[in-house]
Structure formats: structure tokens, C-alpha cells
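A quick write-up on the structure given underneath.
The values are calculated or read from the model by the stated rules, or taken from the named source; none is laboratory data. Small disclaimer: the values here were computed from a predicted structure and weren't measured. So basically every Cβ, Gly included, is an ideal-geometry build from the backbone, and we count neighbours across all protein chains shown.
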Amino acid sequence: MRIIGRTLIILAAALAVAGVVWALAGSGSAAASGMPGGGMEHGGDQGASLFGAIEVLKNLVVVGVIVGLTSLASRLKSRRRPAAA
């Protein structure tokens, strides 16, 4: 249960960072700060699409699976301790 909790915390933090980046990319402040993708180069005044949100969620699921597998492997490794001789 602890692994799931930690994974959800990591996913929530990643989602927050992605949301901030997405908000900056959608506003005019991205062009002012020199971030790539800012301004009118990509077709003018286009809003965020659902496809972009699905891609972000897909990436978060991949990160969650990797974190879960790594945590599981670490837990299994710590359980297999050598027997005292």
C-alpha cells in the first residue's frame, strides 16, 4: 500500500509540473521568456487540445509503472537476505 501511495504522490507532482508548463505554453508569457513553442509560429491562436492531455496522462502512466516496478524489485531484493551461517 505504501508503494501505491508514493507512486500517486510522484504522479501528482509530475501532473502539477506538467500543468504549469502547459499553462505557460498556452499563455503569452512563454514567448516573452524565450521558451520554445511560444508565440504565433504554430498556427496562431490555437487552444490546448484533448490529444495533448491524453499524451500527458499516457506519459504519467508510464512513469508510474516504472516507479512501481522499481519499488517492487527493491522490496523483493531486500526480502532475500542471505541466511546466517
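Below, the figures for the structure above:
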{"read-out": "Odd one out for GLY37, checked against (1) modelled with pLDDT under 55; (2) in a helix (DSSP H, G or I); (3) of a type outside the set (A, V, I, L, M)", "value": "(2)"}
{"read-out": "The range 68-85: number of residues that are modelled with pLDDT of 80 or more and either surrounded by 10 or more Cβ atoms within 10 Å (Cβ to Cβ) or not hydroxyl-bearing (Ser, Thr, Tyr) (or both)", "value": "10"}
